[in-house]
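The values are calculated or read from the model by the stated rules, or taken from the named source; none is laboratory data. Keep in mind it's a predicted model, so treat the numbers as computed, not measured. Every residue, glycine among them, receives a Cβ derived from its backbone with ideal geometry; neighbour counts consider all protein chains shown. For the accessible areas, the whole protein counts, side chains as well, though only heavy atoms, and no ligand, DNA or RNA atoms are used. Shrake-Rupley method; radii C 1.70, N 1.55, O 1.52, S 1.80 Å.
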Amino acid sequence: MPDDETPPKVRRARRTRTSVGTNASPTTTEPGAIGAGAWVVLPTYNEADNLRGISVAILEALPGATLLIVDDGSPDGTGAVADELATRDPRIRVRHRRAKQGLGKAYLDGFGVALAESATTVIQMDADWSHDPLSLPSLFEPIASGRADLVIGSRYVKGGGVEDWGLRRRAISRGGSLFARVVLGLSPNDLTGGFKAWRASTLAAIPSSGVHAGGYVFQIEMTYRASRAGARVLETPIVFRDRRIGQSKMSKRIVAEALVVVLVLRIDEVRRRLMRAVGRG
């Protein structure tokens with residue numbers, strides 16, 4: 001799943017240079033270690049204070065995995081911290097991007113790297129501790145056992161929940177998921193969360209061209225596209241905690257964008273169905 005805005009020649013050059021991992025040595029893990037074949041894609045922007053701790057916790061939870069840090073040119077030195085971590089642990093790779101371009105674009109770039117490196121499972125999560133690394137095995141296992149193609153870490157199923165949120169933020173998050181479920185006819189309860197595990201073949205089959213790269217809307221649209229393609233989607237409960245350090249990157253613009261794009265996705269789908277019906281007639 002490459003970044004389609006990048007010219008092919010540049011994209012190929014990026015994949016062959018060591019910016020996909022500041023360490024060129026192969027990943028070394030014990031045979032059968034949990035997480036083998038998985039790549040955890042971790043977008044960062046100004047997460048220097050969180051990165052060391054979260055990286056250790058991720059690889060303790062999935063010792064067989066590869067951690068790909070995708071930094072959008074953080075001015076606080078996050079990229080340098082990532083490089084330092086990569087020199088110490090061959091399971092850590094770093095993808096440097098020139099500037100902040102949105103969460104969705106960072107994920108799509110990271111997905112492309114993981115798929116090109118023959119990942120069998122691709123996991124996405126935040127770097128701010130809102131996604132608990134201890135939940136990683138419960139996301140990985142249904143993919144590894146063949147029970148699901150997409151596993152969503154869900155706040156809105158039995159056993160899941162949120163902590164440290166006010167009533168307004170809870171209402172926005174829950175309402176956004178409910179709105180998308182109804183408008184798009186989707187079954188998962190948590191459509192706005194970003195803690196997910198993908199079967200690599202399922203992720204690779206989703207065209208990256210045209211995917212909206214905002215925050216909430218990216219999460220909704222990727223699940224929508226996977227569901228329409230027939231993916232088996234499973235939810236596993238997680239407890240979402242507000243970030244420990246730094247400020248939330250959520251904004252009113254991101255929420256408004258998500259609502260608009262959900263409607264656009266539905267309108268486009270109805271239009272395509274009508275055109276097919278007219279064609280058959």
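Taking the full set of protein chains and a 1.4 angstrom probe, give the accessible area of residue 235 in square angstrom, rounded to the nearest 10.
About 40 Å², ignoring ligands and nucleic acids.
Please compute the per residue accessible area over segment 67-179 with all protein chains in place, 1.4 Å probe, rounded to a whole number of Å².
39
Pop out the ³J(HN,Hα) list for segment 65-73 in order, Karplus 6.51 cos²θ - 1.76 cosθ + 1.60 with θ = phi - 60°, rounded to Hz; leave Gly and Pro as x.
My calculation for segment 65-73 gives 8, 10, 9, 10, 8, 10, 9, 8, x Hz in order.
For residue 196, list the aspartates and glutamates whose Cα falls under 17 Å from its own Cα; do not include residues on the same chain fewer than 8 positions away.
Reachable aspartates and glutamates: 109, 126, 128, 132, 141, 149, 221, 235.
R0 = 45 Å: FRET efficiency of residue 84 with residue 253, Cβ-based, nearest 0.05?
0.85
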